[in-house]
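Visitor: Once you've had a glance at the structure underneath, I'll fire off some questions.
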Amino acid sequence: MIKVKVGLRPIVSKINLPTVLKTTILPGDSIERLFIATQVGEIFYIGNGDIRTFLDIHPRILKLGVSGGGYDERGLLGLAFHPEFYYNGLFYLHYSVAGTQGPGALSESFKPDPCDPKTLNLRWMNRETKYDHIDTIEEWTLQSNGQPQKRRTLLNLRRPFANHNGFNSLNFSPETGKLVLTTGDGGSGYDPFNLSQDDLEIAGKIIEMDVGKNPYINNPPIVTRFNELPTPIQETLMVMAKGVRNIPGISFQRFYNQYIKYAGNVGQRLVESIFSFVQYKPMPVTQLIQAYSMNSEPDKEGFINFGWRGWEGAFPASIIRKCTENSTLNEKITAYYNEAAALSGSRLQPLTSYFHEDTRPDKFGGTAITGVQAYMGERIPALTGSVVFTDLARKESQPKVRGALAYTTVKPNGQQNDFSVIQTDYDFGSQSAYYVNLGTNLDQTRLYLGVYGSMKVTDFNQGTIFEIVES
């Protein structure tokens, strides 16, 4: 793959940690505006050379960074504009609700022990009291007076842990017109309850929501499983994929009369992965529930499974520890052998992966994938038709942290492909630069990069949004 160098053009600075970057055309407007959602609950857009507030829901967001030294994976996580937003003013939010903090599903940190069956078969018990917080998915409308107002709640999800809630988690599919919700596996590490592989668990899935159907249930119950939802809501949902650990949204790339779907999956300790697929067979939630009630297995031909928790990308999920004889080497133990074996033939292989440790001169050691976007523009010819992705922080960049930007392409035969690092010419000076988000405009001809100076959501106003441009 050819080496590419790009420039970073600052658009706005000194904002809070950005979780969503995307564009839309406001009703009555004539040009696309870049919208920026921050983790603490603000939504801004770029007006005529200045930044303007579209909506501020920070009072609705639970208090972030109270534990964990300021690091947090909750907050305002998703923003999506209806395909007909210009005409109907509808948009959608996913956020962690104020006042819903719970004690968590486990009293201590979790790590699987292949020699101890108890650790391999844990169940999430007492869910109404043993949980961390509640996430909500809402439909809002931009009123004729220019003020946003909430219309209805689509889902209320009880989450077992603070982390792995997904981010950039709401996107409309240009293929189906449905709202796509991407959820993480619920958190902790190693998916303690194997929620991502359970068909009835909402965690660890990519879900299509038909927002054109209104079940007229304004306050849906707080749930963790699909079968806990009222039937009218079940009928609006389809499961697009499962086996997800944590995911920075989904991206669609038009390919003739079809769409290639891209999704990154954050790894545990070994590898970060980008998945791609064209054909898929979504499973109606009502069909999954019916199969469960009849104790039968639904027809899963064409159903997408990313393989977690048995697989971390292209590798069996591993427990990694330092070798006693040589501290520079690591010992890797298969965490869930039976699950990896059972999924070996049915899971989707990743398009590309990159490692947490990689000493090759043209690669990097990654931390967590934070964005995946198709690029169809011509301003950076070397990237046209490729898929670009970001990693939070290159391992070798300590103590002055730098994120990573890279790209890959889909092979015609669908086989796995290598990736190439994209060089940037921007000087961040002594400031840390975590690459926290990647966004694009409506026709995927521009790319936007969110950079933050800290990993702590409580370190305010350290964000800068760049446009990625030709060097």
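Visitor: Taking residue 38 as meeting all but one of (1) under 19 Å from the mean Cα position of the chain (by Cα); (2) open to solvent by 10 Å² or more (accessible area, probe 1.4 Å), write down the number of the exception.
Guide: The failed condition is (2).
Visitor: Say whether the condition of being part of a loop (DSSP other than H, G, I, E, B), within 20 Å of residue 38 (Cβ to Cβ) and of a type outside the set (Ser, Thr, Tyr) is met by at least one residue in region 179-188. Walk me through how you get there before you give the answer.
Guide: At the first step, the residues of region 179-188 found to be part of a loop (DSSP other than H, G, I, E, B) are 183-188.
In the following step, the residues that additionally are within 20 Å of residue 38 (Cβ to Cβ) were identified as 184.
Next cut, of a type outside the set (Ser, Thr, Tyr) only: 184.
Scanning region 179-188, I find at least one residue that is part of a loop (DSSP other than H, G, I, E, B), within 20 Å of residue 38 (Cβ to Cβ) and of a type outside the set (Ser, Thr, Tyr), so the answer is yes.
Visitor: Considering region 414-432 alone, what residues qualify as being open to solvent by 70 Å² or more (accessible area, probe 1.4 Å) and small (Gly, Ala, Ser)?
Guide: Answer for region 414-432, where residues must be open to solvent by 70 Å² or more (accessible area, probe 1.4 Å) and small (Gly, Ala, Ser): just 430.
Visitor: Taking interchain pairs and intrachain pairs at least six residues apart, which have beta carbon atoms under 9 angstrom, with the first residue in region 86-103 and farther than 25 Å from residue 146 by Cα and the second of a type in the set (S, T, N, Q) and open to solvent by 20 Å² or more (accessible area, probe 1.4 Å)?
Guide: Matching pairs, first to second residue: 102/129; 103/129.
Visitor: Suppose the filter is open to solvent by 40 Å² or more (accessible area, probe 1.4 Å), touching a residue at least 12 places away in the same chain (Cβ under 8 Å) and not in a loop (DSSP other than H, G, I, E, B); does residue 151 pass it?
Guide: So residue 151 passes the test.
Visitor: Moving on to the next point. In this structure, is residue 468 touching a Phe, Trp or Tyr at 6+ places or on another chain (Cβ under 8 Å), assigned to a strand (DSSP E or B) and closer than 16 Å to residue 1 by Cβ?
Guide: Details: touching a Phe, Trp or Tyr at 6+ places or on another chain (Cβ under 8 Å): yes; assigned to a strand (DSSP E or B): yes; closer than 16 Å to residue 1 by Cβ: no.
Criteria not met by residue 468.
Visitor: Being surrounded by 14 or more Cβ atoms within 10 Å (Cβ to Cβ) and touching a Ser or Thr at 6+ places or on another chain (Cβ under 9 Å) is the filter here, so list the residues in region 312-328 that pass it.
Guide: Here is the first cut: in region 312-328, the ones surrounded by 14 or more Cβ atoms within 10 Å (Cβ to Cβ) are 312-320.
Answer for region 312-328, where residues must be surrounded by 14 or more Cβ atoms within 10 Å (Cβ to Cβ) and touching a Ser or Thr at 6+ places or on another chain (Cβ under 9 Å): 312, 313, 314, 315, 316, 317, 318, 319.
Visitor: What number of residues within region 339-376 satisfy the criterion of being of a type in the set (S, T, N, Q), modelled with pLDDT of 95 or more and touching a Lys or Arg at 6+ places or on another chain (Cβ under 9 Å)?
Guide: 1
Visitor: Does residue 274 satisfy being at pLDDT 95 or above and closer than 15 Å to residue 199 by Cβ?
Guide: no
Visitor: So which residues in region 119-129 are aliphatic (A, V, I, L, M) and not in a loop (DSSP other than H, G, I, E, B)?
Guide: Matches in region 119-129: 120 only.
Visitor: Sort out which residues of region 315-338 are modelled with pLDDT of 95 or more and in a loop (DSSP other than H, G, I, E, B), and write them in order of number.
Guide: 317, 335, 336
Visitor: Take region 410-439 and flag every residue that is in contact (Cβ under 8 Å) with a residue 40 or more places away in the chain, over 23 Å from residue 349 (Cβ atoms) and outside any strand (DSSP E or B).
Guide: 425, 426
Matching residues to (1) farther than 22 Å from residue 15 by Cα; (2) touching a helix residue (DSSP H, G or I) at 6+ places or on another chain (Cβ under 6 Å); (3) not small (Gly, Ala, Ser):
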| residue | (1), (2), (3) |
| --- | --- |
| 346 | yes, no, no |
| 387 | yes, no, yes |
| 398 | yes, no, yes |
| 413 | yes, no, yes |
| 428 | no, no, yes |
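Visitor: Right, next: Identify all residues within region 440-460 that are over 21 Å from residue 399 (Cα atoms), touching a strand residue (DSSP E or B) at 6+ places or on another chain (Cβ under 7 Å) and in a loop (DSSP other than H, G, I, E, B); write none if there are none.
Guide: Of region 440-460, the ones over 21 Å from residue 399 (Cα atoms) are 440-449.
Applying the additional criterion that residues be touching a strand residue (DSSP E or B) at 6+ places or on another chain (Cβ under 7 Å) yields 440-442, 444, 446-449.
Answer for region 440-460, where residues must be over 21 Å from residue 399 (Cα atoms), touching a strand residue (DSSP E or B) at 6+ places or on another chain (Cβ under 7 Å) and in a loop (DSSP other than H, G, I, E, B): 441, 442, 444, 446.
Visitor: Which of (1) open to solvent by 20 Å² or more (accessible area, probe 1.4 Å); (2) touching a residue at least 24 places away in the same chain (Cβ under 8 Å) is the odd one out, the single condition residue 399 does not satisfy?
Guide: All conditions pass for residue 399, except number (2).
Visitor: Separate question: Please find, within region 189-220, the residue that is most open to solvent (accessible area, probe 1.4 Å) out of those that are aliphatic (A, V, I, L, M) and in a loop (DSSP other than H, G, I, E, B).
Guide: Result: 217.
Visitor: So, of the residues in region 255-288 that are in contact with a Leu (Cβ under 7 Å, 6 or more places away or on another chain) and farther than 30 Å from residue 355 by Cβ, which turns out to be surrounded by the fewest Cβ atoms within 10 Å (Cβ to Cβ)? Walk me through how you get there before you give the answer.
Guide: So in region 255-288, the residues in contact with a Leu (Cβ under 7 Å, 6 or more places away or on another chain) come out as 274-277, 285, 288.
Right, trim to farther than 30 Å from residue 355 by Cβ and you get 285, 288.
Numbers: 285: 25, 288: 21.
Among residues in region 255-288 that are in contact with a Leu (Cβ under 7 Å, 6 or more places away or on another chain) and farther than 30 Å from residue 355 by Cβ, the one surrounded by the fewest Cβ atoms within 10 Å (Cβ to Cβ) is 288.
Visitor: Considering only region 345-382, state which residues are crowded, with 22+ Cβ neighbours inside 10 Å and over 17 Å from residue 274 (Cα atoms).
Guide: Result: 380, single match.
The values are calculated or read from the model by the stated rules, or taken from the named source; none is laboratory data. In this text the structure is predicted, and so the values were computed from the model without any measurement. In this analysis, Cβ positions are derived from the backbone assuming ideal geometry, glycine residues included, and neighbour counts consider all displayed protein chains. Ligands, DNA and RNA are excluded from the accessible area calculation, which covers all protein heavy atoms including side chains. Shrake-Rupley method; radii C 1.70, N 1.55, O 1.52, S 1.80 Å.
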